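Every number in this text was worked out from the coordinates using simple rules, so none of it is lab data. As the structure is a computational prediction, the values presented were derived from the model and not from experiment. So basically every Cβ, Gly included, is an ideal-geometry build from the backbone, and we count neighbours across all protein chains shown.
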Amino acid sequence: MKSDRDHRSGGAGTDRVLFIGSALAFPEVTLRLVRAEFEGVEVSRFDTIEQAIDAGQAASVRMVVLDQKFTEDLADIHDLARSTFGNAHVVLAYDDVSIARPVFQRQQAGMGLSGLRFIPMHSAVGSWISILRLLMAGEVLVPGDLIQPFAMNDSMNGAADASGNPSLTRREIEVLRLVAQGHRNKTIAAMLDVSEHTVKLHIHHLMRKIGVGNRTAAANWFMQNGHAGDEEGPA
C-alpha cells in the first residue's frame, strides 16, 4: 500500500498534516497518535511528495513532515513542498542525528533550506508530541542534539553569536529571561500563552545548548552573557 489516509475528518478547509515516507518510517501507530492529539486535523502518509501532490492534497496543508531518507534530494523536495503547499511548515523527521546535523549546519550557514524545521523521532512520546505541537503553531525549536556539538565553535556561521555564545531561538531567550527573573514554569506558561509542558521543553533544550544542569545556572548564564539589559517580558 502506497499511502495511509485519514478519511474521518476530510473536507474543504480541514487542516492537514502530511507525512512523506515509508510505513516503516511513519507507522500507523504514529499517525493514530497524531490524529488523537490534534482533533479535527486530517493526517495522511505518502511514500513521496509527488504522490501527495497527485492525490490533490495541496489545500489547507499545515505541515509536511519528511523522512530523513530524503536528505540527498532535500533541497528540491523542500522547494517543491513550499511552492505547492504555500505556508505549510516543512519538517525533517530524523532518527540519526549524524544525518540531520549536516542539514542543520547547511541551513545555519545560509546554504538554503530556509524555514526548514526539525523533529527527533527518537524522543519520548510526550516530548515528541510537544515538539510537534510547537512546530504546528509556527514556533522555531532547534533540538539540542543538532546544535550542541558545534555551538561552541565560532567558526560555524550561525551556530554562535559574535561572542561565541550558543545560539538560542527568540522563544528560548524569552523563556530564559523569565526564568532569570524568578518566575516559575506555571507563571511563564501563562505569560507566554503556552502550556506548562511546552515551557519545560524549552527549558530542557536551552539548558542543553548553554551547557548547564539547572535553572539557577541557566539564570546565571543569562545574566553573565549580556542579556540582563534586554527588553523585559515576552515580545
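A few points about this structure:
- Over segment 51-110, relative contact order from alpha-carbon pairs under 8 Å, at least 6 apart, %: 38 percent
- Charge tally in the Cβ shell below 12 Å around Met207, where Lys, Arg are +1 and Asp, Glu are -1, Met207 excluded: +3
- Net charge of neighbours whose Cβ lies under 14 Å from the Cβ of Glu139, counting Lys and Arg as +1 and Asp and Glu as -1: +2
- Considering only Cα atoms, the convex hull volume of segment 3-136 works out to 100 Å³ per residue.
- Antiparallel bridge percentage (DSSP; both residues within segment 3-136; nearest 5): 15 percent
- Under 12 Å from the Asp96 label point (7 Å along Cα→beta-carbon), backbone N, segment 59-80: 68-72
- Going by neighbour counts of Cβ atoms within 10 Å, the residues His78, His122 line up, fewest first, as His122, His78.
- Tensor-based shape of segment 70-140 (alpha-carbon gyration tensor, a/c under 1.5 rounded, otherwise prolate or oblate): oblate
- Segment Ala124-Leu24, extension gain: residue separation times 0.36 nm, minus the distance between their alpha carbons: 34.2 nm
- Label sites at Gln224 and Asp76, each approximated as a point 7 angstrom past Cα along Cα to Cβ, lie 4.9 nm apart.
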